1. Over all directions, average the projected area of the Cα convex hull of the stretch 380-496 and note it in nm².
2. With charges only on Cβ, +1 for K and R and -1 for D and E, what is the dipole size of the stretch 373-501 about its Cα centre, in debye, rounded to 20?
3. Probe of 1.4 angstrom, ligands and nucleic acids ignored: what's the accessible area per residue over the stretch 183-300, in square angstrom?
4. With a 1.4 Å probe and every protein chain left in place, tell me how much accessible area THR452 has, in Å² to the nearest 10.
5. If the only charges are +1 at each Lys and Arg Cβ and -1 at each Asp and Glu Cβ, what is the size of the charge dipole of the stretch 433-499 around the Cα centre, to the nearest 20 debye?
6. For the chain, what is the mean residue ellipticity at 222 nm derived from helices alone (per DSSP H run of n ≥ 4: -39500 (n - 2.57); sum divided by total residues; nearest 500 deg cm²/dmol)?
7. Taking just the alpha-carbon atoms of the chain, what radius of gyration and Dmax come out, in angstrom?
8. Once you place label points 7 Å from the Cα toward the Cβ at ASN531 and ASP22, how far apart are they in nm?
Amino acid sequence: MKKISSIVLLLTLAISHMSAQDVIKIEYKGATATVNVPSGITNVVSSVNGANVTITSNTTNKEYTYQVKGSSTDGSLTINGDYKMTLQLAGVTLTNAHGGAAIDVECGKRIAVELVEGSVNTLCDAASGSQKAALYFKGHAEFKGSGTLNVSGKLKHAICAKEYIELKSSTGIINVLEAVSDGIHCGKGKQNNENNYFMIKGGIVNIINVGGDGIDSDDYGVIRIEGGTLSVNIKDDASGLKADSTVAIKDGIINISVKGEDSKGIRANHTVNIMGGKTTIIVEGDGSKGIKAKRYESGSTVLNGGFLNISGGELSVQCTGGNLLAESGFTKCVAVSVDADLKQTAGDVDITVFDKAIAYTLGGETYNGTETHTGGTFNIRQVPWQIKTRNYQYDMTVYVTVSNNGNKLTSYDNVAIGAFIGGECVGFGIFEEDGYGVIRVRSNDNSAHPITFKLCHFGSLSEYILTPSETVTFQNQTNVGEPSNPVVLSYSKLIGDANDDGEVDANDIVAITNYIMGKNGNLIKEDTDVNGDGVVNIADIIKVSNAITGK
């Protein structure tokens, strides 16, 4: 047994020694850089000019690891080669201030990008030059490792690969802090080539302050989301996710916010497939689309698409824009725009549109789109208020709960709460929590203006004035109330008015009956539980009947 243990130890040491001999170390120290190539490696050469490093590898059968660390405010790294490699980011802060990418890997093979555990890596390119990104790969990049990567693209994209980009389940955090064009871009591909894609299986990706698309899988490209957390915040005319063929969501948490006119939350130039995960899309600009599935019948692209298929997961789309006037006419703001067919077999869909926005459209100019729902839920809610958060510079948060006739609401499925200053809607909340809700209130004036509140019932679009349990005035970057002690917003309505039309009559008996039979429609429990005993049954029908007959 002792002999076997010794052999295992020797093998472990040998493997460790061999691995160390395959690591080429690059370290930046201000205006200088050093490259350490192990003596056993004869087919890798390097040159250093100040803090600018160029490495050329002539290997054709051995994978090397390039470990990068240190800091420079005017440096770069270029790696040339024709064989797969590993780029190990072990705590590097690198800005290319003179022109070009921060890191440029001119290798057309697989590049494994390892974010070393505990490391923070920051890359930024110059606002001049001919580079495509601050971090560029000629081949395909596969990210792994639990470290953090921050990237800023001053000229074009932040991260770009000529082929595919994949984030393994072990990936840590990737922050795109800014980009003139796309946050993450991948292409070139070939028609129907599934090897051209962006894929995320794990990790956290945050994309902000980009002038183009959040993620763009170009030239017949695919976007696949199979895990992790993805947050995209787009300000200008662009798309949160854009694929030249298909967007497929199997798992993960996806939050997309687009604020510009004629923007798209998700754009697929063929098909959007939602199979799982939790996807939230908020579009605010006039003429924008929450989801756009395109159909092309000619041209150099994937043809005969335009489909939205939902077979699982949770999808929430909030659409707050209006019509956009262009030379060709009005472009409408639509939560879900499908050029062909919409098919749902499972999953939960909630569409909320405000003011003049449209819930969904099917079919295009030459295709008669169809709609089928054989499973899951498909809810549409419309609110007569509109707010564009991009128009405001200050904000505050209010934690609230709602009480109807003294009874706390236990379901917010069919109501929305709006906040108003001087009659202008400056915030809204659509609550998922049973206990409380969160309203972000916006303003362009930091003065202490009083805030009023309204409730809107989705079914009838009836509005009710809400009276807060304490005075709420605007103050930037403050919180009013808290989850454990929210502000109570109270209102009263006719007891027995189950269908919320302002009258108590036979229609309310029909509404309660439908609720008992499971045909809820837009009804909420608080409206149909007329006697307030916590259940909806024949006793509530009797109470409404007595009210109608004067008993």
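1. Details: hull surface 28.9 nm².
Taking a quarter of the hull surface, the average projection is 7.2 nm².
2. Details: 8 positive and 13 negative charges, 58 e Å.
Around 280 debye, computed over the stretch 373-501.
3. Values: 3720 Å² over 118 residues.
Here the per-residue accessible area is 31 Å².
4. Result for THR452: roughly 80 Å² accessible.
5. Working: 4 positive and 7 negative charges, 34 e Å.
The dipole of the stretch 433-499 has a size of about 160 debye.
6. That comes out to -2500 deg cm²/dmol.
7. 28.3, 100
8. 7.7 nm
The values are calculated or read from the model by the stated rules, or taken from the named source; none is laboratory data. Because the structure is predicted, anything quoted here is derived from the model rather than measured. Every residue, glycine among them, receives a Cβ derived from its backbone with ideal geometry; neighbour counts consider all protein chains shown. These accessible areas exclude ligands, DNA and RNA; they are computed on the full protein's heavy atoms, side chains included. Shrake-Rupley method; radii C 1.70, N 1.55, O 1.52, S 1.80 Å.
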